[in-house]
Amino acid sequence: MSAAISQIPGLHFLCSICLKVLTDPVSTPCGHNFCKLCISPRWDTSVSYSCPMCQQVFTTRPELAFNSAVSELNLETWMCPKHSKRLEMFCKNDQTCVCLKCCVAEHNSHHLEKESGERVEELQQMIQERQEYKKEIMKLMNTADSQKGEGVELSTAVNELVQRCLTMLTETVKEQQISKKGEADAVIKELVDEYFELMKRKYEAEQLFRPEDRFQLFQHVHSPLPATKDYTEVIVHLSSYEETALTVAAQMKDQIRDKLKMKRMKQFAVDVTFDPLTAYNKLNLSDDRKQVHMSDVKNNVPDNPERFYPCANVLGKQSFSSGKFYYEVLYVACENPSIILHLKCVPKKVGVFVDYEGGVISFYDVGAAALIYSFTNCSFTYKLRPFFSPCLKNDNNAAPLIICPVSQSDEVKPCVHI
């Protein structure tokens with residue numbers, strides 16, 4: 001059995017220090033296994049540290065790693081309980097594993113053979129299962145580390161967004177206070193002006209009560225009073241801080257939700273480039289096939305059937321027939337016939353997300369992490385290719401249309417309206 005076991009790569013059941021089955025097995029950085037109680041005292045009393053097996057020298061005392069794979073093999077089951085020797089033979093008569101002493105003392109007349117095949121297969125299976133289990137654990141740990149990093153990044157972004165929104169809230173309330181104070185001051189000025197006008201008329205009337213001024217008094221009494229305003233209908237509405245804060249908080253909640261959604265979508269980012277074979281003959285593509293702009297001069301290109309004409313369009317080189325994908329473009333998304341969109345902020349960068357099986361195409365304002373528009377309930381039965389059009393060149397359309405690299409940490413600008 002020992003010969004068969006020794007053929008299994010990287011597995012050593014015996015401690016090279018005590019020459020016994022490993023107890024509380026630990027591994028050195030060079031990969032050899034020892035009993036913890038054997039190697040620890042050895043290094044405790046040594047000024048230099050080396051592996052007892054391969055003699056590799058370590059500059060500092062290395063950390064001993066607990067070898068759970070070897071420990072879980074329960075090596076005691078490979079030892080004879082009577083003689084504490086390795087079970088190297090298999091007795092077919094008694095259907096049990098025995099050591100060499102058992103062979104001489106109790107099984108000398110039985111049919112004996114080397115115990116190898118089934119036990120080695122069982123051992124190999126156990127090793128494979130533990131290796132797979134270890135891979136799964138490492139995968140989960142890496143995923144947890146990644147999610148932790150994303151969580152810290154998201155928390156930082158949310159804190160920054162909250163701080164910016166609080167600053168905006170303070171400025172908005174201050175602006176409202178200044179505006180409403182101006183309204184109130186204007187009303188007060190009108191009241192003061194009317195008050196002084198009425199006091200003037202009252203004084204003039206009092207002066208006319210003398211007997212010699214009765215005729216003038218009669219004229220004064222019947223003259224029209226100065227025009228005054230009915231201030232019972234005048235209301236200077238002051239928005240409460242609580243009301244404004246609730247409005248901002250509701251919009252912040254929507255923006256944080258949209259940011260989380262965009263972060264999930266960006267996991268499906270794909271590399272998209274323009275297909276020169278489909279580009280209208282007046283479209284100029286950059287060398288990296290990431291930018292396109294309209295030219296006044298026709299390019300000398302083949303008149304192949306897939307080329308757009310006379311529309312200034314170009315397709316993406318890549319096609320998709322399943323799954324989800326996402327890419328970003330500067331700057332406009334269009335639909336024919338046109339759909340009027342009422343946006344809070346004008347987008348500078350548009351993100352395009354497609355769920356093939358879900359039948360959804362969505363356009364997002366990357367800067368504000370906000371949905372622009374979604375086409376839902378679509379039925380795709382063919383390959384999809386990104387579509388681009390820089391439109392015809394005129395005085396205000398000379399800038400190129402650009403496919404942008406997808407950043408996982410785009411700054412979200414608050415778009416709050418009160």
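For the stretch 27-42, the candidate set comprises residues that are touching a Ser or Thr at 6+ places or on another chain (Cβ under 8 Å) and either assigned to a helix (DSSP H, G or I) or among the β-branched types (Val, Ile, Thr) (or both); within that set, the residue that is nearest to Thr59 (Cα to Cα) is Ile39. If I filter the stretch 37-62 down to residues being exposed (fewer than 10 other Cβ atoms within 10 Å of the Cβ) and of a type in the set (A, V, I, L, M, F, W, C), which single residue comes out as modelled with the lowest pLDDT? Restricting to residues being exposed (fewer than 10 other Cβ atoms within 10 Å of the Cβ) and of a type in the set (A, V, I, L, M, F, W, C), the top hit is Val47.
Here is the figure for the stretch 297-329: residues that are within 41 Å of the chain's Cα centre (by Cα) and either polar (S, T, N, Q) or surrounded by 13 or more Cβ atoms within 10 Å (Cβ to Cβ) (or both) total 19.
Could we say that Val120 is modelled with pLDDT under 70, assigned to a loop (DSSP other than H, G, I, E, B), surrounded by 10 or more Cβ atoms within 10 Å (Cβ to Cβ) and not polar (S, T, N, Q) here? Working first, answer last.
Values: modelled with pLDDT under 70: yes; assigned to a loop (DSSP other than H, G, I, E, B): no; surrounded by 10 or more Cβ atoms within 10 Å (Cβ to Cβ): yes; not polar (S, T, N, Q): yes.
Criteria not met by Val120.
Which residues, taken from the stretch 146-165, are free of Cβ contacts under 8 Å to residues at least 12 places away in the same chain and over 19 Å from Lys266 (Cβ atoms)? Within the stretch 146-165, Asn159, Gln163 meet the criteria. Candidates are the residues of the stretch 35-57 that are closer than 27 Å to His83 by Cβ and in contact (Cβ under 8 Å) with a residue 24 or more places away in the chain; the one that is nearest to the chain's Cα centre (by Cα) is Lys36.
Against the condition surrounded by 12 or more Cβ atoms within 10 Å (Cβ to Cβ) and modelled with pLDDT under 85, how does Lys20 come out, does it pass?
Working: surrounded by 12 or more Cβ atoms within 10 Å (Cβ to Cβ): yes; modelled with pLDDT under 85: yes.
Against the criterion (surrounded by 12 or more Cβ atoms within 10 Å (Cβ to Cβ) and modelled with pLDDT under 85), Lys20 qualifies.
The values are calculated or read from the model by the stated rules, or taken from the named source; none is laboratory data. Model, not experiment: these values are computed from the prediction. Cβ atoms come from the backbone with ideal geometry, glycine included; neighbour counts cover every protein chain shown.
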